[in-house]
Amino acid sequence: MELNLTRPLVVYDLETTGTNIATDRIVEIAILKLFPDGREEFRRHLVNPTIPIPEEVIAIHGITNADVKDAPTFKELSNNLLLFIGNCDLAGYNCIKFDVPVLVEEFLRAGIDFDLKGRKVVDVQNIFHKMEQRTLKAAYRFYCNKDLENAHTAEADTRATLEILKTQLDRYEGAEYTDHDGNVSQPVVNDMKALHEFSFFNRNADLAGQIIFNSKGQEVFNFGKHKGKPVEEVFRTEPSYYDWMMKGEFLLSTKKLITTIKLRNFNKGEASVINKNN
């Protein structure tokens, strides 16, 4: 089944120096851009991460420090990448937990606020894990009846991800899914908005899922001693917690979010004072 697109979709994959979203860097990016009329454009870049690639990571994706020594940095590529991605929706394998926040972090380091508002994000892994619960290599064999050659190269993983997504649409057309609350739906449909919503496990407020929305629509902590408590309430009663987070190894995008929440809380306080004075 071909994808039903109303605007371009970018399917992409990253190879990095490691798995720490806050500190590791991109060493390779492959982007496959699909247009509603069926056209495709593909780009692949090696990226100088400006930090060493550990030997144990090289053993996985095969990209050495020598390979990227003369490659452009992400900052040098950032404007062209932003132009190529444009306002496209995004898709990838494990992209919600890893590839999207890593990409956003790299753009922020380059001084670019890569805005996700209005974009649909489809995570093929989440659809796969919810429906079958397996790995990318097994997913490719399960859905496409093929062995994935050159696994852990960005282009091979990107093209496999797209092929799996198309096959998922065929396989799960009309298939029912029962969530943890007993609600039954047919969520895997050829629509980016529906796939975007089904791809998410939690209602994340930030990209790392460290702050989520509760049933009331409030941002609450999803970790640590304040887990489940509204962020606004914690910052009001324990202002030092905000300072601790800003100095810690949290994502830049998470720090941007908590700053927005803190300022929102501050503005509410100012408004309250003005109303009292009036």
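Just so it is clear, none of the values below were taken in a lab; they were calculated from the coordinates. A quick note: this is a predicted structure, and the numbers were derived from the prediction, not measured. Because the Cβ atoms are built from the backbone with ideal geometry, glycine has one as well, and the counts that use them run over all protein chains shown.
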Going by alpha carbons, how many degrees (0 to 90, nearest 10) lie between the helix axis of 154-171 and the longest principal axis of the chain? 90
Helix 100-109: inclination vs the chain longest Cα principal axis, degrees, rounded to 10, gives 70
Only one of the values [x] 141; [y] 156; [z] 166 was calculated from this structure for volume of the Cα convex hull per residue in Å³; name its label. [z]
Which entries of K120/K256; K130/K262; K193/K227; K75/K225; K225/K262; K97/K117 show an alpha-carbon separation above 26 angstrom in the structure shown? K130/K262; K193/K227; K75/K225
Can you tell me which of 111-120, 246-255 comes out highest on packing, and rank the rest after it, using the mean Cβ neighbours within 10 Å? 246-255, 111-120
Working from Cα positions, state the angle (0 to 90°, nearest 10) between the long axis of helix 74-85 and the longest principal axis of the chain. 80
Show that you can apply the helix-only estimate: for the chain, add -39,500 (n - 2.57) for every DSSP H stretch of four or more residues, divide by all residues, and state [θ] at 222 nm to the nearest 500. -12500 deg cm²/dmol
Could you work out the relative contact order of the chain? I mean the mean sequence separation of Cα pairs under 8 Å and 6+ apart, divided by the number of residues, in percent. 17
